[in-house]
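**Student:** Pasting in a structure now, in structure tokens, and then I'll have a few things to ask.
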């Protein structure tokens, strides 16, 4: 008796080929597959849902515009990720020039109401310092930090998504952490706002 | 061939990093490696400080990740994107040719920089018989003198054209004041002598 027929998901290469033939359904499938990844990257780096939504839109609008140049033999994640990161940083540069209005996005970032306002402000400040630290990293280090730490992909998944070897990802993470450490150590706000490392962060897990 | 020398800190760095960054996918190494690394950590102040700082950074990154974990794109994002893709893109105000834009940029630079270097961009005009004094010497005084001479020359020319004083108004006729059919076009110049009948 034949079992339920599983619908085979098209590969990235197949989707891109169809996109290149102006198939809008294929582009929708492509968008659906990667929109959460791009949105979370943008949200992690901007801390603003509206900005993240704009970055999401702009990233995929570019993907559609340059679909003829997308490669069908490699993962589109590095390309999408790179475009999203660039858009985030250009947007952040512009935003620093003007005062951000208090709105829904600011309230959304404020966190739970149970947290004291002063503590909440400190947490926000620390998050911003970390974002600034990531922004100061070389682009290849930004990629691995965002995928590995912010998205929570494993080392192997990060390596696969970026088309790198596992050892390369480990090495880039090591240098990225060293760079971040240097950046955060230079920022006095970090020490003041962060305090001691929680016990569970230093938990020993013996093999 | 000599093998590269690694300090004990280098040897244990990976194991110590794995120790503070315990996550799926990280190979924490054998128990013997970790034990040796922890023994080294007890003796090495530098590694201890570095590890504490690294742990802080990792903890900060994970707290940032907690925000990201629950973030979902808006439900109508595809609708917005498809609407945007259907709209024709507005044409940017830009030069299509890189050579033209380069030439425009160079022209702008010359227009901005040349006056500061004292260069005269106006090559010649029919009104000017000779070069501006300032063009060569860039001397303010000479330029002023040149201007004064020109003004005096113009004043003399005007005085020659004006008939004897006393008239209420003077008609100055110059070739360009003749119309195409030879009809004289007059321009009235006010005379600053007291008008007749209004003398006090």
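The values are calculated or read from the model by the stated rules, or taken from the named source; none is laboratory data. For clarity, every value in this text was computed on a predicted model and none was experimentally measured. Heads up, the Cβs are rebuilt from the backbone with ideal geometry, glycines too, and the neighbour counts pull from every protein chain shown.
**Student:** Consider residue B:62 against the criteria (1) out of contact with any helix residue (DSSP H, G or I) (no Cβ under 6 Å at 6 or more places or on another chain); (2) within 7 Å of another protein chain (Cβ to nearest Cβ); (3) assigned to a loop (DSSP other than H, G, I, E, B): it satisfies all of them except one. Which criterion is unmet?
**Tutor:** (3)
**Student:** So for the stretch B:22-34 (the condition being part of a helix (DSSP H, G or I), at the interface with chain A (Cβ under 8 Å from one of its Cβ atoms) and at pLDDT 75 or above), does at least one residue qualify? Walk me through it before giving the result.
**Tutor:** Of the residues in the stretch B:22-34, the ones part of a helix (DSSP H, G or I) are B:31-34.
Checking the rest, the ones that are also at the interface with chain A (Cβ under 8 Å from one of its Cβ atoms) come to B:31, B:34.
Next, only the ones that are at pLDDT 75 or above stay: B:34.
Yes, there is a match, as at least one residue in the stretch B:22-34 is part of a helix (DSSP H, G or I), at the interface with chain A (Cβ under 8 Å from one of its Cβ atoms) and at pLDDT 75 or above.
**Student:** Ok, one more. Out of all the residues in the stretch A:45-88, which are assigned to a loop (DSSP other than H, G, I, E, B) and within 14 Å of chain B (Cβ to nearest Cβ)?
**Tutor:** Residues of the stretch A:45-88 that are assigned to a loop (DSSP other than H, G, I, E, B), as a first pass: A:47-48, A:66, A:70-76.
Hits for the stretch A:45-88 are A:47, A:48, A:66.
**Student:** Which ones in the stretch A:144-157 are more than 8 Å from chain B (Cβ to nearest Cβ) and over 15 Å from residue B:68 (Cβ atoms)?
**Tutor:** A:144
**Student:** Determine, yes or no, whether residue A:71 is buried (at least 22 other Cβ atoms within 10 Å of the Cβ) and modelled with pLDDT under 95.
**Tutor:** Details: buried (at least 22 other Cβ atoms within 10 Å of the Cβ): no; modelled with pLDDT under 95: yes.
In short, no.
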